[in-house]
Amino acid sequence: MIKQEGQGWRIIRDASRGDFSTLIGGQSWAIELNQFEWETLVNVVIDLSDQYKNIKEELMGEEDITLEMESNPWLAILQGDQYGWNLKLILESSDSLNRGAEVFWPRDVTFNLVKAMRIMWDSDYL
């Protein structure tokens, strides 16, 4: 089991849990993900984070930015400014469970959350 958590976020990966081996959470919510959902989530979040890093220096003062990226089954929406960003994710699953979810992390959480996702992603594939 791999567990990373901080103020307002947590990620737990436990291969022994079968189909839903990853739990992601926020201040007052959590959802379990299957392997495909986890892999696509990490890819879309890291891609958005990288896009933000490339653009943020071009933003002026309090200028707002919204970046959206869709990667089945996720729609990810990054909103922020030069000083930080928040992240909203919408899960639209088309599997037999027909489940979905909307999750949100505020700007004071996203930097540490994405850093933990990168570390967990790298450790999964060493």
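The values are calculated or read from the model by the stated rules, or taken from the named source; none is laboratory data. These numbers come from a predicted model, not from an experiment. Note that we place each Cβ from the backbone using ideal geometry, even for glycine, and neighbour counts take in every protein chain shown.
Could you tell me whether Ala116 is touching a residue at least 40 places away in the same chain (Cβ under 8 Å), within 19 Å of Gln4 (Cα to Cα), surrounded by 13 or more Cβ atoms within 10 Å (Cβ to Cβ) and of a type outside the set (Val, Ile, Thr)? Before you say what the answer is, go through the steps one by one.
Working: touching a residue at least 40 places away in the same chain (Cβ under 8 Å): yes; within 19 Å of Gln4 (Cα to Cα): yes; surrounded by 13 or more Cβ atoms within 10 Å (Cβ to Cβ): yes; of a type outside the set (Val, Ile, Thr): yes.
Against the criterion (touching a residue at least 40 places away in the same chain (Cβ under 8 Å), within 19 Å of Gln4 (Cα to Cα), surrounded by 13 or more Cβ atoms within 10 Å (Cβ to Cβ) and of a type outside the set (Val, Ile, Thr)), Ala116 qualifies.
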| message | For Leu48, only one of the following conditions fails: (1) modelled with pLDDT of 95 or more; (2) within 16 Å of Trp9 (Cα to Cα). What is its number? | response | (2)
| request: May I ask you to list pairs of residues, at least six apart or on different chains, whose Cβ atoms are under 9 Å apart, with the first in segment 2-21 being closer than 11 Å to Leu33 by Cβ and the second being in a loop (DSSP other than H, G, I, E, B) and of a type outside the set (Gly, Ala, Ser)? | output: Ile12/Met1; Arg13/Met1; Arg17/Met1; Asp19/Asn34; Phe20/Asn34; Ser21/Asp14; Ser21/Asn34
| request: Only residues that are within 22 Å of Trp9 (Cα to Cα) and either surrounded by 16 or more Cβ atoms within 10 Å (Cβ to Cβ) or at pLDDT 95 or above (or both): list them for segment 85-100, please. | output: Trp85, Asn86, Leu87, Lys88, Leu89, Ile90, Leu91
